[in-house]
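Visitor: Let me give you the structure first, and then I'll get to my questions.
No lab work stands behind these numbers, since they all come straight from the coordinates. From a predicted model like this one, the values you see are computed outputs, not experimental measurements. Positions of Cβ are backbone-derived with ideal geometry, glycine not excepted, and every protein chain shown enters the neighbour counts.
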Amino acid sequence: MIDTGSALTVLGRNTSSNVQKVMWLLAEVGAVCTRVDMGGAYGGNREEAYLKQNPNGVVPTLLHGERVVWESNTILRYLANVFSDSGLYPTEAVARAQVECWMDWQLSAFGPANVLLYQGIIRTPEPFRQPDAIEKHRLRNAERVAILDGVLSRQNFVAGNEFTLADIAIGPLVHRWFNLPVERPESKYVRKWYDGLCERAPFVEHVRQIAFA
């Protein structure tokens, strides 16, 4: 049995969507943690000490007492298990698979498209932006959001009618989509779902109120 009282530390800057979802989950379960700025302008994630903890040199990394966990969606699953939150991460096989399908979709489909659009606008000085590439990435994001819109037209949350890790994994990327200066097709069901997330204090604290950088 893992001691839920062990100190929790998240290594990673708060502008990272992957760090945001971990911090959001910790707030949802009421866990106290320390976050240390690393990665991006803060650096430190390519240093030997960090690479010993996370050989990929990316953020976030979770330190839980003497335990080290990396890869953001794995951290989400780990924390849900540690804090025995079966509402966020169901124990029944089919329900759990639905959550994991969408977590994998976030990593394999939505995430790559979203990060390229974000970097092409936010991380690229205006004189160096490439409109054709931005438009390509915008269309890819619109396609992914349309898939999500179809699903949310039939149910309240991404993996069913209950709020789960799937919503936490995808929420920060949808926040980016709705707040980047691009044209967006109507997606009224995703918008309704997103508006619901904006009523959750942990989402506001760790995602919505964080400036893009």
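Visitor: Determine the distance separating the Cα centre of the range 115-133 from the Cα centre of the range 1-58; give it in Å without decimals.
Guide: Cα centroid of the range 115-133 versus Cα centroid of the range 1-58: 27 Å apart.
Visitor: Using θ = phi - 60° and the Karplus form 6.51 cos²θ - 1.76 cosθ + 1.60, what ³J(HN,Hα) does each residue of the range 11-24 get, whole Hz, x for Gly and Pro?
Guide: 9, x, 6, 6, 7, 7, 4, 6, 6, 4, 5, 5, 5, 4
Visitor: What is the order of Arg154, Arg200, fewest Cβ neighbours within 10 Å to most? Write down the numbers at each step before the final one.
Guide: On the way: Arg154 9, Arg200 19.
Going from least to most buried by this count: Arg154, Arg200.
Visitor: Go ahead and estimate [θ] at 222 nm for the chain from helices alone: -39,500 (n - 2.57) per DSSP H run with n ≥ 4, summed, over the residue count, rounded to 500. Intermediate values should be presented prior to the final figure.
Guide: Working: 8 runs with 100 residues, N = 213.
It comes out at -14500 deg cm²/dmol, rounded to the nearest 500.
Visitor: Another one. Apply the Kirkwood formula to the chain: the hydrodynamic radius equals the inverse of the mean of 1/r over all pairs of different alpha-carbon atoms; give it in Å with one decimal. Walk me through the numbers on the way to the answer.
Guide: Numbers: mean 1/r = 0.0561 Å⁻¹.
About 17.8 Å, per the Kirkwood formula over Cα pairs.
Visitor: Another question, if that's okay. Compute from the Cα atoms of the range 56-105 the Rg and the Dmax, the latter being the longest Cα-Cα distance, and quote both in angstrom.
Guide: Over the range 56-105's Cα set, Rg and Dmax evaluate to 12.0, 34 Å.
Visitor: Hey, another quick one. Please rank Val174, Val36, fewest neighbouring Cβ atoms within 10 Å first, as an exposure proxy. Let's see the in-between values first.
Guide: Working: Val174 24, Val36 15.
Neighbour counts put them in this order, fewest first: Val36, Val174.
Visitor: Separate question: Let me know the volume per residue of the alpha-carbon convex hull for the range 8-82, in Å³. It would help to have the intermediate numbers written out before the result.
Guide: Values: hull volume 5.7 nm³, N = 75.
Hull volume normalised by residue count: 77 Å³.
Visitor: Using the count of nearby Cβ atoms within 10 Å as a rough guide to exposure, how do Ile210, Ile147, Ile170, Ile75 rank from fewest to most?
Guide: Working: Ile210 19, Ile147 14, Ile170 28, Ile75 22.
By the 10 Å Cβ count, ascending, the order reads Ile147, Ile210, Ile75, Ile170.
Visitor: I've got another one for you. Find the eigenvalues of the gyration tensor of the Cα atoms of the range 93-205, then list the square roots of 5 times those eigenvalues as equivalent ellipsoid semi-axes, largest first, in whole angstrom. Working shown, then result.
Guide: Working: eigenvalues 132, 42, 34 Å².
For the range 93-205, the semi-axes come out at 26, 14, 13 Å.
Visitor: What list of ³J(HN,Hα) couplings, whole Hz, do you get for the range 124-129 from phi and the Karplus terms 6.51, -1.76, 1.60, once you set θ to phi - 60° and write x for glycine and proline?
Guide: Going residue by residue, I get 10, x, 3, x, 9, 5 Hz, with x marking Gly and Pro.
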